[in-house]
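Structure first, commentary second.
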Amino acid sequence: MSDSVVLRTIGGMLFPYILVYGLYVQMHGEIGPGGGFQAGVLVAAAFILHALLFGKELTDRLLPTWLVDLAMSLGVLLYIGVGILGLVKGRYFLDYSVLDPTHPAHAEALGMTLVEAGVGLTVASVILTMVRKVNGESS
Amino acid sequence: MKPDPSMLPVLIVLLPLVGGVLAPILGRGIFGWLLALITTGLTTFVCASQLLLIQAQNALTPGFSVSYPLGGWPAPHGIELKIDLLSALLATLVSGMGFMVTLFSRQGVDDEIPSDRRRFFWSLWLLAITGLLGILITGDAFNVYVLLEISSLTIYGLIAMGRQRTKQALTAALNYLVLGSVGASFILIAIGLLYAKTGTLNMADIHAKLLLAPVDATVLTARAFLLAGVGLKMALFPLHLWMPAAYSTAPSAVAALLAATATKVGIYMGMRFIFSVFAVPGDEMLSGGNVLIIGSCCGAAIFFGSLGAARQPSLSLLLAYSSVAQIGYIVVGMTVGHIDAMTGSILHMVFHALMKGGLFLCAGILIYRLGTTRLEDLAGLGQRMPWVSAAIVVGGLGMIGIPGTAGFVSKFYLLKGLILSGHPVLAGMVLLGSVLAAIYVWRFVEVAYLRPASDTPLRNGLPFEKFLPVLILLGASILLGIQPGVVVDLARDAAQQLMGVTP
């Protein structure tokens, strides 16, 4: 936790922008450089900055541990879920074409976006958990 | 893109993966164990059905294997799952052992893992099984590496969770992490070199391209890196140093799972790469000098592993060193390139998993009731815990290879293959290993039956659900020792398919 007014003010102002930038990288990943891994790290970095500036108690209130734990699993489940949808529709695992049978390119884009969203969710929450553990939170 | 009627191949990895991801959410209290039990049970069912399907097909068209393109991308550009007899046999073994050990470990895990960690324990548990099964069924070389990392990283975590019982678990896990990562990097380098050479990652495709090109320095280097990496992963002497500490300090359920499955999967990787990827007629990987080197490693493993086992102060360590020796048997069979030796090798993988799994479960019962497996605390065990010590003796007889136990059948095929292929010295080592095994098994018998009972207090009763898996595993090893026909046929077909020999 930092006592510097400058750091806290600037950091507080940056916090939402880092999140938005993370979201941009996330959504952009399907057509250009970016994607779930990078976006996940950015989102996690926003919360790490928050914890450094305002103390981890406040961050924990903003983003409770149980939510992070849940997000870890939900991200992977989203990924697997897209795959299982293919199985359920009688296609191969992770066959995107079931998402929009009429338009393969749209199906591909939608599938990748969903999968990347899963990756982003898991990466962000795993990195947050790692930082929390290194910070010496007893469990 | 024709839809595939069979989704069995992908279910083999998908089921434990979903279970592993659900465990942190749903796995509080008893539910984690239930989830793991149901997941491993279903996976075993799927693996067994896949095995039966492939066996039936194999009778019609020898050399049959199932291919499943993930995402519908056809091989060699997409990632394919490729299951032949050997993969299906070992997948059934791994998932079946996973089920048995899960059944065993409810109270053990309650004892040894703090309650807020249990849901993560079950998550790691299922993900480790996912990784091991994935290695067995994938047909993509890079996928092997990724799944190897999944299984290894989860296993490091599982071993470290033994720290509740003994702090040394942390050191053991760190040791294994360092050595295991070195091994995995070697395997990655080998795969990278192969990719540089052939421009493809699909194993069958790599093999096809290697057949066309002469064996040059790149391929030789890849072979060397692969052998060293796989050797570390399967704990082949002298690369076994991580294993005894890891097995003896891990939570008892984890030790049983690892001893029964993890090293077997390492050996499978070796077999797969040597016989399905690197096998170039006229320039076999296992010829001349290589056989000499690996053969002596195996001989040394059998000799020093058994001797080491005879000197250990605790049953867990004794069993771990005995595993070093048993891995020697398995690898020696695959090294000489004779069909009978290979059959023996595959048989020994299966039988050793049953016996050693059962023995480590017995050690788990000892930890549960006595809190220790130190041999001096086991004095008079024959009177105090007659069933468990009888089970340990039965497993031990299997380790020696007494006729009537499964260990005899696999050693018989090993010896036959070694002698027919002209390796009497190695055959002698296998026989010597049996004598040495008798020594370390006798140590337990002497302590348990010929000494006055020690006064270490007994906790808890003998829960039936703990003894049931022991009964099933060791019972199976006896049953298969008397009636080995079915498994021997399977193993021989698998060996023929692997070595590309037509019957």
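The values are calculated or read from the model by the stated rules, or taken from the named source; none is laboratory data. The model shown is predicted, which means the values in this text are computed figures rather than measured ones. Cβ: placed from backbone, ideal geometry, glycine included. Neighbour counts: every protein chain shown.
Return the residue satisfying two criteria in turn: it lies in region B:363-393 and is assigned to a helix (DSSP H, G or I) and of a type in the set (Lys, Arg), and of such residues it is farthest from B:Arg451 (Cα to Cα).
The extreme case among them is B:Arg369.
In region B:259-296, which residue that is touching a helix residue (DSSP H, G or I) at 6+ places or on another chain (Cβ under 7 Å) and farther than 19 Å from B:Val144 by Cβ is modelled with the lowest pLDDT?
Per the criteria, the residue is B:Leu286.
Output yes when any residue across region B:213-220 is β-branched (Val, Ile, Thr), part of a helix (DSSP H, G or I) and modelled with pLDDT of 90 or more, and no when none is.
no
Would you say B:Met385 is touching a helix residue (DSSP H, G or I) at 6+ places or on another chain (Cβ under 6 Å) and in contact (Cβ under 8 Å) with a residue 40 or more places away in the chain?
When the stated conditions are applied, B:Met385 does not pass them.
Test B:Ala75 against the stated conditions and say whether it is assigned to a loop (DSSP other than H, G, I, E, B), within 14 Å of chain A (Cβ to nearest Cβ) and either of a type in the set (Phe, Trp, Tyr) or buried (at least 17 other Cβ atoms within 10 Å of the Cβ) (or both). Break it down into steps so the answer makes sense when it comes.
Numbers: assigned to a loop (DSSP other than H, G, I, E, B): yes; within 14 Å of chain A (Cβ to nearest Cβ): yes; either of a type in the set (Phe, Trp, Tyr) or buried (at least 17 other Cβ atoms within 10 Å of the Cβ) (or both): yes.
Against the criterion (assigned to a loop (DSSP other than H, G, I, E, B), within 14 Å of chain A (Cβ to nearest Cβ) and either of a type in the set (Phe, Trp, Tyr) or buried (at least 17 other Cβ atoms within 10 Å of the Cβ) (or both)), B:Ala75 qualifies.
Is it true that some residue in region B:450-462 is under 25 Å from the mean Cα position of the chain (by Cα) and among the polar types (S, T, N, Q)?
No, region B:450-462 has no match at all.
Would you call B:Leu11 outside any loop (DSSP other than H, G, I, E, B), hydrophobic (A, V, I, L, M, F, W, C), surrounded by fewer than 24 Cβ atoms within 10 Å (Cβ to Cβ) and within 14 Å of chain A (Cβ to nearest Cβ)?
Here the answer is yes, as B:Leu11 does meet what is asked.
For the subset of region B:448-473 comprising residues that are surrounded by fewer than 21 Cβ atoms within 10 Å (Cβ to Cβ) and of a type in the set (A, V, I, L, M), which member is nearest to B:Ala391 (Cα to Cα)?
Here the residue is B:Leu471.
For region A:54-67, which positions are modelled with pLDDT under 90 and among the aliphatic types (A, V, I, L, M)?
A:Leu58, A:Leu62, A:Leu63
Restricting attention to region A:11-26, does a residue exist that is in contact with an Asp or Glu (Cβ under 9 Å, 6 or more places away or on another chain) and either assigned to a helix (DSSP H, G or I) or free of Cβ contacts under 8 Å to residues at least 24 places away in the same chain (or both)?
So far as region A:11-26 goes, yes, one or more of its residues are in contact with an Asp or Glu (Cβ under 9 Å, 6 or more places away or on another chain) and either assigned to a helix (DSSP H, G or I) or free of Cβ contacts under 8 Å to residues at least 24 places away in the same chain (or both).
Might you check whether a residue that is away from chain A (no Cβ under 14 Å) and within 30 Å of B:Val486 (Cα to Cα) occurs anywhere in region B:106-118?
Within region B:106-118, none of the residues are away from chain A (no Cβ under 14 Å) and within 30 Å of B:Val486 (Cα to Cα).
Among the residues of region A:37-67 satisfying the criterion of being among the aromatic types (Phe, Trp, Tyr) and surrounded by fewer than 20 Cβ atoms within 10 Å (Cβ to Cβ), which is farthest from the other protein chains (Cβ to nearest Cβ)?
A:Phe54
Kindly check whether there is at least one residue in region B:211-218 that is touching a residue at least 24 places away in the same chain (Cβ under 8 Å), over 21 Å from B:Val430 (Cβ atoms) and buried (at least 24 other Cβ atoms within 10 Å of the Cβ).
No, because not a single residue in region B:211-218 is touching a residue at least 24 places away in the same chain (Cβ under 8 Å), over 21 Å from B:Val430 (Cβ atoms) and buried (at least 24 other Cβ atoms within 10 Å of the Cβ).
With the structure loaded, tell me whether B:Leu473 is under 13 Å from B:Met355 (Cα atoms) and in contact with a Leu (Cβ under 7 Å, 6 or more places away or on another chain) or whether it fails that test.
yes
Scan region B:149-165 residue by residue and report those that are of a type in the set (Val, Ile, Thr) and not in a helix (DSSP H, G or I).
Those that are of a type in the set (Val, Ile, Thr) and not in a helix (DSSP H, G or I): none in region B:149-165.
Which residues, taken from region B:28-69, are in contact with a helix residue (DSSP H, G or I) (Cβ under 7 Å, 6 or more places away or on another chain), in contact (Cβ under 8 Å) with a residue 60 or more places away in the chain and within 14 Å of chain A (Cβ to nearest Cβ)?
Passing the criteria: B:Arg28, B:Gly32, B:Leu35, B:Thr39, B:Val66, B:Tyr68.
Could you tell me how many of the residues in region B:394-418 are surrounded by 24 or more Cβ atoms within 10 Å (Cβ to Cβ) and part of a loop (DSSP other than H, G, I, E, B)?
The total comes to 2.
Just a yes or no: is a residue in region B:433-449 in contact with a helix residue (DSSP H, G or I) (Cβ under 8 Å, 6 or more places away or on another chain), within 30 Å of B:Leu52 (Cβ to Cβ) and either charged (D, E, K, R) or touching a residue at least 60 places away in the same chain (Cβ under 8 Å) (or both)?
no
Do you know which residues across region B:480-503 are part of a helix (DSSP H, G or I) and among the β-branched types (Val, Ile, Thr)? Full working, then the answer.
Step one: filter region B:480-503 for residues part of a helix (DSSP H, G or I), giving B:480-482, B:485-499.
Those that are part of a helix (DSSP H, G or I) and among the β-branched types (Val, Ile, Thr): B:Ile482, B:Val486, B:Val487, B:Val488.
Using beta carbons and a limit of 9 Å, which pairs, at least six apart or on different chains, have the first residue in region B:125-143 and touching a residue at least 60 places away in the same chain (Cβ under 8 Å) and the second one of a type in the set (Lys, Arg)?
B:Leu132/B:Lys264; B:Ile135/B:Arg272; B:Leu136/B:Arg272; B:Ile137/B:Lys82; B:Gly139/B:Lys82; B:Asp140/B:Lys82
Quick check: is even one residue across region B:430-444 crowded, with 16+ Cβ neighbours inside 10 Å and not in a helix (DSSP H, G or I)? Outline the logic, then answer.
Taking region B:430-444 as the starting set, the residues that turn out to be crowded, with 16+ Cβ neighbours inside 10 Å are B:430, B:433-434, B:436-438, B:440-441, B:443-444.
Applying the additional criterion that residues be not in a helix (DSSP H, G or I) yields none.
No, region B:430-444 contains no residue that is crowded, with 16+ Cβ neighbours inside 10 Å and not in a helix (DSSP H, G or I).
Taking B:Arg163 and the conditions (1) within 22 Å of the chain's Cα centre (by Cα); (2) under 22 Å from B:Leu126 (Cβ atoms), which numbered condition does it fall short on, given that it satisfies the others?
In the conditions (1) within 22 Å of the chain's Cα centre (by Cα); (2) under 22 Å from B:Leu126 (Cβ atoms), B:Arg163 misses (1) alone.
Give the number of residues within region A:68-105 that are surrounded by fewer than 13 Cβ atoms within 10 Å (Cβ to Cβ) and more than 8 Å from every other protein chain (Cβ to nearest Cβ).
6
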